[in-house]
Amino acid sequence: AVLSSHPSERQAPAAPAPASERRLVSVLFVDLVDFTAHSEHRDPEDVRQLLSRYFDRSRAAIEQLGGTVEKFIGDALMAVWGSPVAREDDAERAVHAALAAVRAVTALGEEVGHPELRARAGVVTGLAAVDVGSEVEGMVLGDTVNTASRLQGLAAPAEVLVDDVTRRASEGAILFEDTGSHRIKGRQQAVRAGRA
């Protein structure tokens, strides 16, 4: 066999770049409350097992309700509805998944002898840039993602906060308590939020 010396014949074809488009999505952020302090004096293997159980239960609730887990970041996770498949009730599904994940963490804490273990969540619905066909983390980007993360940070332990768009899209099935407008780091406009 003769090897070609022409450069174009030796290079593998480039993979097509994912196409980016704007889509209406509902983004969920779930985070364990004070988990760094909680795990500081625990055996690293025990911490790993606890996180694994938390992620598995959260992922199951998210996927059962049609969401896609985008990434795990430390003891937080991000999930999205509306990409790759959009449904009319995506916002409602995201809120139900948030409530299920928060309940699952409380139950897990009781099971493992850490009754103080809690999660909090934030759900925001809006436009985001979506890399269609992307197989890597971070395929959904934009203010909707950032706002969901920040709103989660404002939630109390075992609480789910949602933005006004999510509330309006899902209030036929879920009761909300208005928590007023909140200043969120990095945003000029305050975010009106409701507690699910």
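The values are calculated or read from the model by the stated rules, or taken from the named source; none is laboratory data. Predicted model only: the values in this text are computed from it and were never measured. Because the Cβ atoms are built from the backbone with ideal geometry, glycine has one as well, and the counts that use them run over all protein chains shown. In case anyone asks, the SASA skips ligands and DNA or RNA and just uses the protein heavy atoms, side chains included. Shrake-Rupley method; radii C 1.70, N 1.55, O 1.52, S 1.80 Å.
Sequentially through segment 106-113, phi angles give Karplus couplings (6.51, -1.76, 1.60; θ = phi - 60°) of 4, 5, 4, x, 5, 4, 9, x Hz, Gly and Pro residues having no value and appearing as x. Can you give the longest run of the chain that contains no trypsin sites (Lys or Arg not before Pro) sitting in a DSSP loop with at most 14 other Cβ atoms inside 10 Å? Longest site-free region, per DSSP loop and neighbour criteria: 88-182.
Both the radius of gyration and Dmax for segment 21-68 are 14.4, 45 Å, in that order, over alpha-carbon atoms.
Here the Kirkwood formula, the inverse mean of 1/r across different C-alpha pairs, assigns segment 44-132 a hydrodynamic radius of 13.8 Å.
Based on Cα atoms of the chain, Rg over Rh with Rh as the Kirkwood radius reads 1.10. Solvent-accessible surface of the chain, taken per residue with a 1.4 Å probe and all protein chains present: 55 Å².
Sequentially through segment 57-70, phi angles give Karplus couplings (6.51, -1.76, 1.60; θ = phi - 60°) of 5, 5, 4, 4, 5, 5, 5, 4, 9, x, x, 10, 6, 7 Hz, Gly and Pro residues having no value and appearing as x. Nonpolar atom fraction for the chain, defined as the carbon and sulfur part of the 1.4 Å probe accessible area, stands at 51 percent.
Amide H contacts under 5 Å for ARG192: ASP164, HIS182, restricted to partners 5 or more places along the chain or on a different chain, H placed in the peptide plane at 1.01 Å from N. Computed from backbone phi, the HN-Hα couplings of segment 145-161 come to 5, 4, 5, 4, 5, 5, 5, 4, x, 8, 5, 7, x, 6, 10, 10, 10 Hz, rounded to whole numbers (Karplus: 6.51 cos²θ - 1.76 cosθ + 1.60, θ = phi - 60°; Gly and Pro given as x). Once the Cβ-Cβ distance of ALA129 and PHE55 is raised to the sixth power relative to R0 = 30 Å, the FRET efficiency obtained is 0.70.
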